[in-house]
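Asks: Before anything else, here's the structure in question.
Computed from the coordinates by the stated procedures, all read-outs in this text should not be read as laboratory data. Note that the coordinates shown come from a computational prediction; the quantities given were computed from them, not determined experimentally. Glycine gets a Cβ as well: all are built from the backbone with ideal geometry, and neighbour counts include every protein chain shown.
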Amino acid sequence: MAIEILPATGDRFDDTERALDSGDGSECQCQWWLLPNGPWKDASIADRTEMFRTELDGDLPPGLIAYVDGEPAGWVRVGPRTAQPRLARTRDVTASTPEPLDDPSVWAVTCFVVRTAHRGGGLMKSLLDAAVEAARDGGARVVEGYPLDPTAAKRSSNQLFRGTVAVFEDAGFTVIDRPKPDRALVSLTLRD
């Protein structure tokens, strides 16, 4: 099995759509962390798709696509936390992070999609490792994640779009806080 992970850019839009074609990914278009509740509810799938296309055409790719044997198999959103404005309105984040909410050197890994056929093979870990490298290359000082802990409360695979605590810990992240038993804020310092 050959895994390649590449930036999600405009020329890879169709591949990104294929990678999101699992669970709620195709409906969400990975716009949840970008829109407040009102605009989120008002946006159609077509609206979200167009917003996502615009992101991929921008200067900074909003995430990475995993290919398994040349087939789009997974997605991870990674970028400056300030570019994901819902995070600054999320109590689990605002009450738990020690980092200033307006600090562009703090990046966040907020969304994973692993297509059903590729689950259970460690692709989420590969995506997270690549996301950390993308953050480092982008100048991040700190990378945060907001994973769930399925050992504390049963979760469906669709609900694990934030990642799991175990995968983040295995990648070197430290649990900073547990705002709820099944939720964590994790952090990895890349530079002082």
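Asks: Which whole-Hz couplings ³J(HN,Hα) result when phi for each residue of the stretch 90-105 is put into the Karplus expression 6.51 cos²θ - 1.76 cosθ + 1.60, θ = phi - 60°, listed in order with x for Gly and Pro?
Replies: 9, 4, 4, 7, 4, 7, 10, 6, x, 8, x, 5, 9, 7, x, 7
Asks: Have a look at Pro72, Leu148, Thr189 and report the one farthest towards the positive end of the charge dipole of the chain, computed about the Cα centre with Cβ charges (Lys/Arg +1, Asp/Glu -1).
Replies: Value computed over the given set: Leu148.
Asks: Taking the Cα-to-Cβ direction at Ala166 and at Asp92 and moving 7 Å from each Cα, how far apart do the two end points lie in nm?
Replies: Simple spin-label model gives 1.8 nm for this pair.
Asks: What FRET efficiency would be calculated for the residue pair Trp40, Arg141, taking the C-beta separation as r and a Förster radius of 22 Å, to the nearest 0.05?
Replies: 0.15
Asks: Right, another one. Report, by chain and number, residues whose modeled amide H sits under 5 Å from the one on Ile5, excluding near sequence neighbours (fewer than 5 apart, same chain).
Replies: For Ile5, whose amide H was placed from the backbone, the distant partners under 5 Å are Tyr67.
Asks: Also, I was wondering about something else. Which of Asp59, Asp14 has the fewest other C-beta atoms within 10 Å, and how do the rest follow up to the most?
Replies: So the residues, fewest neighbours to most, are Asp59, Asp14.
Asks: Still on this model: Which value, in debye to the nearest 20, describes the size of the charge dipole of the chain about its Cα centre when Lys and Arg Cβ atoms bear +1, Asp and Glu Cβ atoms bear -1, and nothing else is charged?
Replies: Here the size comes out at about 740 debye.
Asks: Which one of Asn37, Ala171, Pro85 is farthest out on the positive end of the charge dipole of the chain, using unit charges on Cβ (Lys, Arg +1; Asp, Glu -1) and the Cα centre as origin?
Replies: Farthest along the dipole direction, towards plus: Asn37.
Asks: Ok, one more. Under a point spin-label approximation (7 Å from Cα along Cα-to-Cβ), what is the Gln159-Asp192 distance to one decimal in nm?
Replies: 4.1 nm
Asks: Run the simple label-point estimate for Glu50 and Glu133 please: 7 Å along Cα→C-beta, distance reported in nm.
Replies: Taking the simple label geometry, Glu50 and Glu133 are separated by 3.6 nm.
Asks: Okay, next question. Along each of its three principal axes, how wide is the spread of alpha-carbon positions in the chain, in whole angstrom units, largest first?
Replies: 38, 38, 34
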